[in-house]
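Everything on this sheet refers to the single structure shown next.
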Amino acid sequence: ANNPWLQEFPDPITRVSWDNYLTVSRSDAEGLGLVNRHVATGALNGSYAKVTLEDVSIKVPVIVQPGQAKGTVGLALGYGRKDGLKKEMHVGVNAYKLYKGFSNLQSVRIEKAEGEHGFACLQLHNTLMGRGDIIKETSLEEYLSKDKEYWNPKPKVSLNHEETLASKVSIWDNFDRTTGHHFNLSIDLNACTGCGACVIACHAENNVPVVGKREVRRSRDMHWLRIDRYYSSEATFKGDVDKKEDISGISDSM
């Protein structure tokens with residue numbers, strides 16, 4: 001709670017920093033009248049919800065979370081502390097008031113509350129917006145049953161008015177590659193979970209300033225590294241959630 005580096009680093013899924021909040025599914029949000037909206041400055045605002053468990057209630061801001069199961073909500077503990085902290089570190093809402101031990105199932109009542117909350121959200125674009133040539137994705141069916149060139153075509157560029165593989169074109173023909181780079185960072189994307197340890201380490205190593213929630217809302221965050229996340233919906237790969245039957249190369253792995 002008293003570490004500004006960690007407060008300024010955004011949640012790897014919601015991409016919100018300097019806050020805790022109630023995550024709800026889009027379906028539940030529509031039913032309760034809870035919304036997120038972009039304001040003129042480019043920042044993200046959201047509704048408040050009143051969360052009640054037995055005779056205890058708290059008011060907490062809401063993030064509409066793509067992919068969240070209908071009928072479930074999420075709320076991080078550990079926020080809302082004030083004792084021993086400077087005013088600027090008074091972050092979030094104390095959700096321990098709702099804590100009832102390690103029960104896996106708790107029934108809460110949620111209703112819309114008055115007011116609108118301003119979030120410090122570092123990423124407002126949730127999809128690739130048609131730029132599939134930058135980050136490629138495919139379905140399991142296509143990955144197993146089709147040739148690699150179908151789901152991962154090699155990029156081509158125009159050279160002398162002819163389509164040429166990008167790997168065949170270089171602006172560094174005269175560069176002495178035996179020298180190597182002064183700095184090199186390799187990331188195994190199959191192992192990366194988006195935890196952000198590399199972002200925090202870089203922030204600390206380079207003594208980068210923390211700008212605070214107000215400036216993050218203005219897109220003035222100063223992290224040298226950035227880990228974005230993108231969503232794919234059923235509309236993107238329609239039918240992937242259904243069990244496949246008798247498809248060559250897939251049945252054995254289902």
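Readers should treat all values here as calculations from the given coordinates under stated rules, not as data from a laboratory. Just so it is clear, the model here is predicted, and its values are computed rather than measured. Heads up, the Cβs are rebuilt from the backbone with ideal geometry, glycines too, and the neighbour counts pull from every protein chain shown.
Set the Förster radius R0 to 35 Å, insert the Cβ-Cβ distance between GLU149 and ARG26 as r into 1/(1 + (r/R0)^6), and round the FRET efficiency to 0.05. Please report the intermediate quantities before stating the final value.
Working: r = 36 Å, r/R0 = 1.03.
Here the calculated transfer efficiency is 0.45.
Which order do ASP11, ASP188, ASP228 fall in if you start with the one that has the fewest other Cβ atoms within 10 Å? Don't jump to the answer; show the numbers that get you there.
Working: ASP11 19, ASP188 6, ASP228 13.
Result, fewest neighbours first: ASP188, ASP228, ASP11.
Modelling each spin label as a point 7 Å along the Cα-to-Cβ direction, I'd like the GLU142/ASN2 distance in nm, to one decimal.
About 5.2 nm separates the two model spin labels.
Express as a percent, rounded to the nearest 5, the fraction of DSSP beta bridges in the stretch 17-163 (both residues included) that run antiparallel.
Numbers: 24 of 28 bridges.
Expressed as a percentage, antiparallel bridges in the stretch 17-163 total about 85.
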